[in-house]
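Report on the structure given below.
The values are calculated or read from the model by the stated rules, or taken from the named source; none is laboratory data. The shown structure was predicted, so the numbers you read here are calculated from the model rather than taken from an experiment. Positions of Cβ are generated from backbone atoms using ideal geometry, with glycine treated the same way; all protein chains shown enter the neighbour counts. Side chains included, ligands, DNA and RNA excluded: accessible areas come from the protein's heavy atoms. Shrake-Rupley method; radii C 1.70, N 1.55, O 1.52, S 1.80 Å.
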Amino acid sequence: MSAPLVDQLAYALSGVGTRRRLVGVLAAVPLASALGSRFGNGAMAKGRRPRHAQPEIVGGHPVPQGELPFMVYYETGPQDTGVACGGSLVTPRHVLTAAHCTGPDGGHNPPFLTADYFVAIGEVNLDRLGQENIFGVVEVSRHPSWDPDVSQAFDVAVLELDRDVPAGIGTPVAFVGSGDDRFNGAGQPVVVSGWGRTSDGGNSSSVLLEADIAVVSDADCAAAYNRPGEFDPNSMICAGAPGRDSCQGDSGGPLFAQVKVGERIEKIKGKKKKGKKRKVKKVVVPIFENTQIGIVSFGQGCADPDFPGVYAEVSDPAINNFITGAIG
Ligand code: ARG
């Protein structure tokens, strides 16, 4: 793998090196303010965080509460080598994610301890997490063929949570079966979602974002990532769109195909203002049927027109069998 790519991976998540502080204060301080410390790099001091001027994953838009109930955010590892990643709930007890998120420096050994996982589910705004949104991890399974050194092939892991996620907090997403390549064709509209950086080298987002992108052919992706052993068409699938991409911190999150199947009305509480009744806004939330086809793995930069994002391919039999085995 080229040096820049390695950087991308290693950096992957260091955007968040504040996890220890975060965990240290969990018991004492409300989670919401504890999480504010994710921006402990000085770029965004607590309490002075600007509203998100460009609300993007890169080139995306905020996800309404409840629209993607399978989205998972987590931090893990010690403060100096810790990471923040995405994931997807695939059973009430299991999170699908990227193997490179499970250890320091792009996932190398030794793996992070299960006790170091801080998993958040069921709230699009990480500044509003409550105790009911927080889960622990009891077991981490990495794909046995994962190659952290050369190709990042089989960049897949499954986290077992410490308890079932109640249906009111999160619901699992369907994923394609072994060999099911229905959604793998070039140009297939797909969505990627996460709390990662909103530009190459930029800040991560405290609100969940999603971007509409499209599958890129294996041939085009192999032409972009053309060093020997860099791109594996069997275990990887690529996607992108002009100005849109996943980015650091989105790793492990899902790439999914989306079909709208209905709508529902959601009541959203406004801010409390002194002496006034809290306003309740009604919004129409589309109901989608989502099918996960990929896992955010790596990319050269973010939204670089010459380099699409690369995803672990869930329909690949070797990946699919691993997942079904790990959650079975
Ligand atoms: N490796 C990154 C992470 O750990 C994900 C990079 C995705 N990059 C991209 N251009 N799609 O968060």
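In Å², and per residue, what accessible area does the stretch 169-328 have when probed at 1.4 Å with the other protein chains present?
Roughly 46 Å² per residue, with all protein chains present.
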task = Keeping all protein chains in position, work out how much accessible area K269 exposes to a 1.4 Å probe, and write it in Å² to the nearest 10.
result = 150
ask   = For the stretch 145-201, how big is the tail of P(r) above 18 Å, as a whole percent of Cα pairs?
value = 67
ask   = Taking the radius of gyration and the Kirkwood hydrodynamic radius from Cα positions alone, what is the Rg/Rh ratio for the stretch 245-328, to two decimal places?
value = 1.18
request  = Could you pull the accessible area for D181 with a 1.4 Å probe, rounded to 10 Å²?
outcome  = 100
request  = Starting from the Cα gyration tensor of the stretch 171-328, take the square roots of the eigenvalues, sort them a ≥ b ≥ c, and report rounded, prolate or oblate (rounded when a/c is under 1.5, otherwise prolate if a/b is larger than b/c, else oblate).
outcome  = prolate
query = What is the pair-distance distribution P(r) of the stretch 52-171, computed from all Cα-Cα distances in 10 Å bins starting at 0, with each bin given as a whole percent?
reply = 13, 43, 34, 11, 0
query = Under a Cβ-Cβ cut-off of 11 Å, what is the net charge of the residues other than I293 that fall near it, where Lys and Arg count +1 and Asp and Glu count -1?
reply = -3
